[in-house]
Structure formats: C-alpha cells, structure tokens
C-alpha cells in the first residue's frame, strides 16, 4: 500500500469518530444538561431503568405481611417521617431516597444490636449484604426481605454515586414506601 492510499484509508476510518468527538465537544454543556433528566441508562447491553426497578420492588413488597405489633408512638413516628419524605420527593427525589435509606439503615442497625449483643458496632463496619445476611440468620429477614434490602441499598448507592442519576417523584415515593415497609418489619421483629 502506498503512502497516499494509506492516508486516504486512515482518514476514512477516523472521520466518523472524529466528527462525533468534535460535535460532543462543541455541545458538551447541552449534553450535560440532559443527563440530570435521565430515568434510564444504557451502555451496550447493560440497561438500568430506575423506575422499573422501583416498580418491581413495589410488587414484591405487596407480598410481605403487614406489621401489627408496633406501639402507637412507633407508628406515629414512622408516619411523620413518611409524610416528610413524601413532601421531599416532590422537589428532590434523590434526598427522599437518601432519607428513607438512612432510616432503613438505622432500623437495621437497631435490629443487629438487639440480635447480636456481642457485636462491637464501633469496631465493625458491615457491608449491606452482610447486614442483610446476619438479619436473615436470626430470622428477622426472610430471603425476600433480604433481597429487598440489598436492592434498596443498590438503588441508594446509585443515587449517591452517579451524578447523572435521576428518578421521578413517583418512583422516589415508591422507594420511600418500600423502605418504610421494611423498617416497620424490622422494628416489629426486633421487639
């Protein structure tokens, strides 16, 4: 292949990627402005649909038994936080998710302390999968609740670590409902 043919073939092969790169650089601010409105991410064969994940979890929660033995004060406190988190989800779904998960994490920690009095919470930082497994080992969680806890944690981690994470108000409210259902179960089963 002579140098002229080589140069022409090189230009042919790189012109399309170069054009895309130039357009992306020229419109980077506009493209970046679109990312916060995403409710779905796709890269090659991987698709993350946040609304669908929440919808799937919501249907799973319907199968859980309704807690009945919480004290009046415990129920009122949870209802107060539920109202607060629903209001937050109207204008900041990410904050509602973080608030609901924070409550879930606290309820899980309380259940761990009750069922594992020997656990040194100052020394041991536990992964969410370990927490879920430990609660299942003590029959606080069944397999279903364990999976819900892990799924809620993954969604929360996505909300925290992905700048382009976006969730609708409805999905955030459903996340709050699911988290509060697990919180009620944790509290009831740790009485």
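Approximating the spin labels as points 7 Å out from Cα along Cα→Cβ, the residue 168-to-residue 1 distance works out to 5.0 nm. Going from the fewest other Cβ atoms within 10 Å to the most, the residues 94, 143 appear in the order 143, 94.
Return the FRET efficiency for the residue pair residue 127, residue 92: r is the Cβ-Cβ distance, R0 is 35 Å, and the value is rounded to the nearest 0.05. Calculated value: 0.80. Treating r as the C-beta distance of residue 118 and residue 188 and R0 as 25 Å, the FRET efficiency rounds to 0.60. Annotation: extensible slack from residue 16 through residue 71 equals 13.2 nm (criterion: 0.36 nm per residue apart, minus Cα-Cα distance).
Residues 175, 116, 101 in ascending order of nearby Cβ atoms (within 10 Å, fewest first): 116, 101, 175.
I'm a student and want to see the number: the projected area of the Cα convex hull of region 111-191, averaged over all directions, in nm². Don't skip to the answer; put the middle values down first.
Numbers: hull surface 24.1 nm².
The number I arrive at for region 111-191 is 6.0 nm².
Only the coordinates and a few stated rules stand behind these numbers; no lab work does. On a predicted model such as this, the values are computed, not experimentally measured, just so you know. Note that we place each Cβ from the backbone using ideal geometry, even for glycine, and neighbour counts take in every protein chain shown.
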